[in-house]
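**Student:** Have a look at this one before I ask anything.
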Amino acid sequence: MTYLNTLKNSIASAALALVALPAAAGDLQIVASFSILGDMVEQVAGDYADVTTIVGPDADAHVYSPSVADARAVAQADVIFVNGMGFETWSDTLIAESGSKASVHIATDGITPVLVEGEVDPHAWNSLLNGVIYVNNIASVLSEAAPAHADDFKANAEAYVAELTALDTTTREKLAALPADRRTVVTAHDAFGYLADAYGMTFLAPVGIDTEAEPSAKELAALISGLKDQGASALFVENITSPALIEQISEETGLKIGGRLFSDALSARGGPATSYLAMFEHNLGALVTALENAGDS
Ligand code: ZN
């Protein structure tokens, strides 16, 4: 059976199951497409909404197959948030097939897109000032959906924005302190274009802005032979992709693996990146530590 048919059948059974359930009472039911966005929504919603995240910790939202539980959550939602910018290739189908009556909102509305080889880079959260735009978008949607709590959402958003802005300042200071020849790093896929733009770094990657395409042997060889010329100082594996490519690049170039970056998803509970703020702080720490020590051995 094809994936689409499986999904349609799953959704049909989920819809049948729904008929038997009592209507969800009280709180606003919100669905967020992936873990980083889910955390932002929770920070703004506080106690006044139930937030369900579709693509969970350490999982890759570029390539995802929705489950029956996802279809059920979408069908029951009042409000759905997606990243947009082509990130969730599966969300339009999931929402349409679930028969959801929820309003659907693109959290990146108003963000100036970064283009990579002519394509929109969807990883806009990797600049904290873009994070502020996500949060303000979320607060305005929630205030319209539940006007009785508009003041709470506004207060939550303001406190959260203050934390994001403070970390943005710290990030600028720490990365600005790195020597000019230690600002180029390699990650598995091209997820840090917004961080590069916002904070004056260069990120190179063997895989493009989505994780679907493997590089050809020729592309990989060209990347590897160019890395030293381009001044790459450290390599990083990611939480959502296989480390194999980065390990191969490390072996062939002698460049060290500086650690693990959380690019497109939070860590599972107990990990170092269980919130958007913690994720950004972890990534900043990993970058600074690896780049400060690069070339010292
Ligand atoms: Zn990505």
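The values are calculated or read from the model by the stated rules, or taken from the named source; none is laboratory data. None of the values given here were measured: they were computed from a predicted structure. Methodologically, a virtual Cβ is constructed for each residue, glycine included, from the backbone with ideal geometry; neighbour enumeration extends over all protein chains shown. Surface areas here come from the heavy atoms of the whole protein model, side chains and all, with no ligands, DNA or RNA. Shrake-Rupley method; radii C 1.70, N 1.55, O 1.52, S 1.80 Å.
**Student:** Between Ala176 and Ala278, what's the calculated FRET efficiency when r is the beta-carbon distance and R0 is 25 Å? Round to 0.05. Present the calculation step by step, with values, prior to reporting the outcome.
**Tutor:** Numbers: r = 22 Å, r/R0 = 0.89.
Plugging the Cβ-Cβ distance into 1/(1 + (r/R0)^6) gives 0.65.
**Student:** Continuing with the same structure: Go ahead and set up a Gaussian network model of the chain, Cα springs under 10 Å, then flag whichever of Gln43, Gln248, Gln29 fluctuates most.
**Tutor:** In this elastic network of the chain, the residue with the biggest mean-square fluctuation among Gln43, Gln248, Gln29 is Gln248.
**Student:** Moving on. Under a 10 Å cutoff between Cα atoms, tell me which one of Gly258, Gly110, Gly208 has the largest fluctuation in the Gaussian network model of the chain.
**Tutor:** Result: Gly110 has the largest fluctuation of those listed.
**Student:** Mind checking which helices in the chain clear 24 Å along their axis (Cα) and have mean Kyte-Doolittle hydropathy of 0.5 or more, DSSP H runs only?
**Tutor:** On the way: long enough: 3-20 (26 Å, 1.02); 128-145 (25 Å, 1.07); 150-176 (38 Å, -0.37); 276-293 (26 Å, 0.55).
For the chain, where a helix must reach 24 Å along its axis and average at least 0.5, the hits are 3-20, 128-145, 276-293.
**Student:** Amide H to amide H, which residues 5 or more places from Thr52 or on other chains are under 5 Å from it, using H placed in the peptide plane?
**Tutor:** Here Ile30, Val31, Ala32 satisfy the definition.
**Student:** Of Ser143, Ser33, Ser91, which is the most mobile in a GNM of the chain whose springs link Cα atoms less than 10 angstrom apart?
**Tutor:** It is Ser143.
**Student:** Which length gain, in nm to one decimal place, applies between Asp151 and Ala96 when the Cα-Cα distance is subtracted from 0.36 nm times their residue separation?
**Tutor:** Going from the current span to full extension adds 16.6 nm.
**Student:** Then there is this: Starting from the Cα gyration tensor of the chain, take the square roots of the eigenvalues, sort them a ≥ b ≥ c, and report rounded, prolate or oblate (rounded when a/c is under 1.5, otherwise prolate if a/b is larger than b/c, else oblate).
**Tutor:** It is oblate, given that a/c is not under 1.5 and a/b is not larger than b/c.
**Student:** Could I ask something else about it? Residue by residue, what Karplus-based ³J(HN,Hα) values in Hz, rounded to whole numbers, does segment 55-65 have, using 6.51, -1.76 and 1.60 with θ = phi - 60° and x for Gly and Pro?
**Tutor:** 8, x, x, 6, 10, 9, 7, 5, 10, 9, 10
**Student:** Going by amide H atoms built from the backbone, whose H comes under 5 Å of the H on Ala234, apart from near neighbours?
**Tutor:** Amide H neighbours of Ala234: Val186.
**Student:** Next question, about the same structure. Taking the highest mean first, how do the peptides 96-104, 216-224, 66-74 order by number of other beta carbon atoms within 10 angstrom per residue?
**Tutor:** Working: 96-104: 16.4, 216-224: 13.2, 66-74: 20.7.
Order by mean packing, descending: 66-74, 96-104, 216-224.
**Student:** For segment 175-292, what does the accessible surface come to per residue with a 1.4 Å probe? Please give it in Å².
**Tutor:** 42 Å²
**Student:** In segment 248-297, which trypsin sites (Lys or Arg not before Pro) are in a loop and have at most 12 other Cβ atoms within 10 Å, using DSSP for the loop call?
**Tutor:** Those satisfying the criteria are Arg269.
**Student:** Moving on to the next point. Note down, for segment 175-292, the three equivalent ellipsoid semi-axes (square root of 5 times each alpha carbon gyration tensor eigenvalue), biggest first, whole angstrom.
**Tutor:** Values: eigenvalues 93, 62, 31 Å².
They are 22, 18, 12 Å, listed largest first.
**Student:** On a straight-distance basis, which lysines could pair with Lys256 in a cross-link, Cα separation under 23 angstrom, same-chain partners fewer than 8 positions away excluded?
**Tutor:** Reachable lysines: Lys174, Lys218, Lys228.
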